[in-house]
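Colleague: Handing you this structure, nothing more for now.
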Protein chains: 2
Amino acid sequence: MKVSVVKNILDANDRIAAENRQLFDQNNLFVLNLMSGPGAGKTTLLEQLGKTLAQEKRIGVIEGDIQSTIDAERVAATGISAVQIETDGACHLDANMIRSSLNDLDLSSLDLLIVENVGNLVCPAEFNIGEDCKVMILSVTEGDDKPLKYPLMFKESRVLLISKVDLLPHLRCDVEKIKNAALSINPGITIFEISSYTGQGLKEWHQWVLKQIKK
Amino acid sequence: MKVSVVKNILDANDRIAAENRQLFDQNNLFVLNLMSGPGAGKTTLLEQLGKTLAQEKRIGVIEGDIQSTIDAERVAATGISAVQIETDGACHLDANMIRSSLNDLDLSSLDLLIVENVGNLVCPAEFNIGEDCKVMILSVTEGDDKPLKYPLMFKESRVLLISKVDLLPHLRCDVEKIKNAALSINPGITIFEISSYTGQGLKEWHQWVLKQIKK
């Protein structure tokens, strides 16, 4: 019984995701679904992206949070058009929440739309929102056993950003172990090692994003 | 419709949690539900607890993970009786999963039972499992904005362990801001600052646990 409820919810979600997809295609818009556990650095990454690319490309961000508008305010300060979804308890964004928030964005005026999902390494990976691809962040502070413990997100993501690598000298964390485990789950995944603090790897990551933009 | 499904699930969960509670009471057992986001240090904390207290007190642990038995093997190595629940995708433990796992533990022989929940700062806080109290960990690497963004877990927890404080010199994180925000959400919450790496705060935390044990 429980399974069929979940299945129906996911089917309904996929239908709405397809409609979102159609809308994104009509606007020739590249849409990225950014996911991670809490505090891996999603918002800081978007701030860096805004500072570097917002003069050159028109970027929109949909911020998903259970509560508060802290993140939308942070990214908007860098020149990004930001919309906040407060999920009021829900642990992930779904296609319907995205559809509702699209009224507040002029898609035709954007080159790139990034959805910052709720900080959660589990549930967001189950819900398509009509995105072109999923990108996940794993902070090295979370430990090198995470791909084996949370495989779905690694499986669903086209890019893995390994963040906060400036902290490695102070941690017991083996980055090669993370990479090998991620590649064993998803051999096609593209991996960048980054630090928003030192700037390491951001140039390569921003170049990857620029290459995906369709306009 | 969705709301009523969720409500029914939570009601059913509470009924089973009450049955678990009865069983724990019959065995005069203190039960602690340990929650955090991924990689905040739950398992390492249990390893430290096992090394320090497993000679003196009989400790059982139920490990919740989406996949893998890594954690149960780690804590079992310290002299704790460990049982692994693989949730197979589910993002939290519920009362029924706990009930099923109790067949593998001799409750009458235990002084303390700790349930290590799935690494997720959102969903586990919604599900009672029949525990005496919830204890949460927030790592300083996750940032000082987390209480305001994930209030439910802070509201539901009797204890907040602020972990990895040895990394503070390398981070932009204000521990006082975390404490003030946590106390504004839950004025009765007890807070310990800890580091499993240096040992800071572990003695105070272990003393708190010992005081709760009923046998």
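Colleague: Membrane-span-like helices in chain A: DSSP H runs reaching 27 Å or more (Cα, own axis), mean Kyte hydropathy at least -0.5?
Modeller: A:2-26
Colleague: Under the convention of a label 7 Å out along Cα→Cβ, give the distances in nm from A:Thr190 to the same position in every other copy, shortest first.
Modeller: Computed spacing set for this position: 5.0 nm.
Colleague: Which one of B:Thr43, B:Asn8, B:Leu53 is farthest out on the positive end of the charge dipole of the stretch B:1-94, using unit charges on Cβ (Lys, Arg +1; Asp, Glu -1) and the Cα centre as origin?
Modeller: Positive-end residue among those listed: B:Leu53.
Colleague: Just to confirm my numbers, what's the Cα centroid distance between the stretch A:21-40 and the stretch A:164-186 in Å?
Modeller: Taking the Cα centre of the stretch A:164-186 as reference, the centre of the stretch A:21-40 is 25 Å away.
Colleague: Principal axis lengths of chain A from Cα atoms, whole Å, largest first?
Modeller: Between the extreme Cα coordinates on each principal axis of chain A lie 51, 46, 32 Å.
Colleague: Still on this structure, please answer the following. Restricting things to alpha carbons, find the Rg to Rh ratio for the protein assembly as shown using the Kirkwood radius for Rh.
Modeller: That ratio equals 0.97.
Colleague: Which of the lysines could a cross-linker span from B:Lys51 if the Cα-Cα distance has to be under 25 Å and same-chain partners fewer than 8 positions apart are dropped?
Modeller: Of all the lysines, those that pass the test against B:Lys51 - Cα under 25 Å, at least 8 places apart if same chain - are A:Lys146, A:Lys149, B:Lys42, B:Lys134, B:Lys164, B:Lys203, B:Lys211, B:Lys214, B:Lys215.
Colleague: Going by how many other beta carbons lie within 10 Å of each one, how would you line up B:Lys149, B:Lys215, B:Lys42, fewest first?
Modeller: B:Lys215, B:Lys149, B:Lys42
Colleague: Nothing charged except the Cβ atoms of Lys and Arg (+1) and of Asp and Glu (-1): what's the magnitude of the dipole of the protein assembly as shown about its Cα centre? Round to the nearest 20 debye.
Modeller: 240
Just so you know, all these numbers are worked out from the coordinates, no wet-lab data involved. It should be emphasised that the depicted structure is a prediction, and the values quoted were computed from it without experimental measurement. Positions of Cβ are backbone-derived with ideal geometry, glycine not excepted, and every protein chain shown enters the neighbour counts.
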